[in-house]
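Okay, so here's the structure we're looking at.
The values are calculated or read from the model by the stated rules, or taken from the named source; none is laboratory data. Owing to the predicted nature of the structure, the values given are computational and were not obtained by experimental measurement. All Cβ positions, glycine included, derive from the backbone under ideal geometry; neighbour counts span all protein chains shown. For the accessible areas, the whole protein counts, side chains as well, though only heavy atoms, and no ligand, DNA or RNA atoms are used. Shrake-Rupley method; radii C 1.70, N 1.55, O 1.52, S 1.80 Å.
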Amino acid sequence: MRILLLAGTSEARNLAHALVERGHQVTASLVGATRAPRDLGCETRIGGFGGEQGFRDWLAAHPVDLVIDATHPFAVQITDRTARVCADVKLEHLQLRRDAWMPADGDNWTFIDHPAQAEGVIQAGSKVFLATGRQTLEQFAGLSSCTLICRQIDPPEEPFPFENGEFLVGRPPFSIEDEVQLFTNLKIDWLVVKNAGGVMSRSKLDAARQIGLPVLMINRTAPPDGPIVTSVDAALEWLDAHYQG
C-alpha cells in the first residue's frame, strides 16, 4: 500500500519501521519542530504542507491509499485538517492516538482545559516547570508573577517571551531519578503538563508523585470522527483487517 504517515511521535517512528518491514510504500511527514529528528526508515519529508490547500495539492500530486495521523495528541490543527480533507476527497484515514494519562494513588493533579486557566490555579510567586513545549508559551502570559522554566529539545533561536522565564535544553528520554533531581535542584513548586500520554515522557509525572509535586494537567480536545487506535500493534491489526488482499 501507499501510505502517508503524519509523524512526530515515538509511535509514528515505530509504526513507520513496521510498515516498511511489511512491504508498504511509506512516506512520512514531519512538521520540522525538531532540528535533528530520528531516522524513520522510510522516505521522509520535513516541513508543513502550506496549509489546507497545500495539503490537498500534495495529495493530488502524490496519490496514496491511506493516511495515518500519528502526530502529537495536541497537534489539533493538523489532526482536524487531515480528517476534514480526507473525508472530502474520500481517502481512508486512521488516527493513532495514544491513551491519555490517568492519575494514580499519590498523584496530586489539577485538570484544566486551556493554558490561560493556569493563573487561576497556580499561586503567585511559584516556580513553575512548563513541560508543554515552546509553541504555546504565549498562552501562559497570566503567570507573570511566577518564575517560569520551559524545557525544549533544541537550543532556543529566540529569547523567552516573558522576562520572568527561561529555557532549559534537554533531549529525552529522562529517567525518574533525573527528573526528581532536576525538580528538587530547581526548587519547582508546580509542574505543568499537556496530557499527551505515552510511556517515554511519563517519568516526569512519576517523579512528581515521588516528591509530592503538584501537577497542572491540560486536557486534550475531542478527536475528529473516524477510526482511532491507541497503539502501533492496534494500527497494524486494523490495517490487516481492512486490507487483507
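Relative contact order of the chain, please, whole-number percent, based on alpha carbon pairs below 8 angstrom and at least 6 residues apart.
Working: 418 pairs, mean separation 50.5, N = 245.
Value for the chain: 21 percent.
3J(HN,Hα) along segment 172-180: x, x, 10, 6, 4, 4, 4, 5, 4 Hz, from the Karplus curve 6.51 cos²θ - 1.76 cosθ + 1.60 with θ = phi - 60°, whole Hz, x for Gly and Pro. Shown in residue order for segment 117-128 are the 3J(HN,Hα) couplings computed by the Karplus curve 6.51 cos²θ - 1.76 cosθ + 1.60 at θ = phi - 60°: 7, 4, 5, x, 10, 7, 6, 4, x, 6, 9, 10 Hz (x for Gly and Pro). For the chain, the 222 nm mean residue ellipticity estimated from helices alone, with every DSSP H stretch of n ≥ 4 adding -39500 (n - 2.57) and the total spread over all residues, rounds to -8500 deg cm²/dmol.
Given a Förster distance of 41 angstrom, what is the FRET efficiency for Q117 paired with Q25, based on the Cβ-Cβ distance and rounded to 0.05? It would help to have the intermediate numbers written out before the result.
Values: r = 44 Å, r/R0 = 1.08.
Efficiency at R0 = 41 Å is approximately 0.40.
The region of the chain that goes longest without hitting one of the trypsin sites (Lys or Arg not before Pro) in a DSSP loop, each with at most 10 other Cβ atoms within 10 Å, is 91-186.
In Å², what does the accessible area per residue of the chain work out to with a 1.4 Å probe? Don't skip to the end; give the middle numbers.
Working: 12300 Å² over 245 residues.
Value returned for the chain: 50 Å² of accessible area per residue.
Measuring spread by the Cα atoms of segment 175-240 yields a radius of gyration and Dmax of 16.0, 50 Å. Its relative contact order, with pairs defined as Cα atoms under 8 Å and 6+ residues apart, puts segment 161-245 at 29 percent.
Based only on Cα atoms, what Rg/Rh ratio does segment 29-78 have, Rh being taken as Kirkwood's radius?
Numbers: Rg = 11.6 Å, Rh = 12.3 Å.
Checking Rg against Rh, the ratio lands at 0.94.
Could you work out the relative contact order of segment 42-179, using alpha carbon pairs under 8 angstrom and six or more residues apart, expressed as a whole percent? All intermediate terms of the calculation are to be shown ahead of the outcome.
Working: 129 pairs, mean separation 19.8, N = 138.
Contact order relative to length: 14 percent.
What whole number of Å gives the distance from the Cα centroid of segment 139-203 to the Cα centroid of segment 1-50? With segment 1-50 and segment 139-203 each reduced to a Cα centre, they are spaced 27 Å. Summed over all non-identical Cα pairs, the Kirkwood treatment of segment 1-133 gives a radius of 16.9 Å.
The Cα-based radius of gyration of the chain, divided by its Kirkwood radius, gives an Rg/Rh of 0.99.
Within the chain, which is the longest segment that contains none of the GluC sites (Glu not before Pro) sitting in a DSSP loop with at most 12 other Cβ atoms within 10 Å? The partial results should precede the final answer.
Details: sites that count: E157, E163.
Answer - 1-156.
Using a 1.4 angstrom probe on heavy atoms only, work out the carbon and sulfur share of the accessible area of the chain in %. C and S atoms contribute 49 percent here.
In this structure the amide hydrogen of R151, modeled in the peptide plane, comes within under 5 Å of the amide hydrogens of L130, T132, G133, L168, none closer than 5 places in sequence on its chain. 3J(HN,Hα) couplings calculated from phi for segment 51-56 with the Karplus curve 6.51 cos²θ - 1.76 cosθ + 1.60 (θ = phi - 60°) are, in sequence order, x, 5, 5, x, 5, 4 Hz; Gly and Pro show x.
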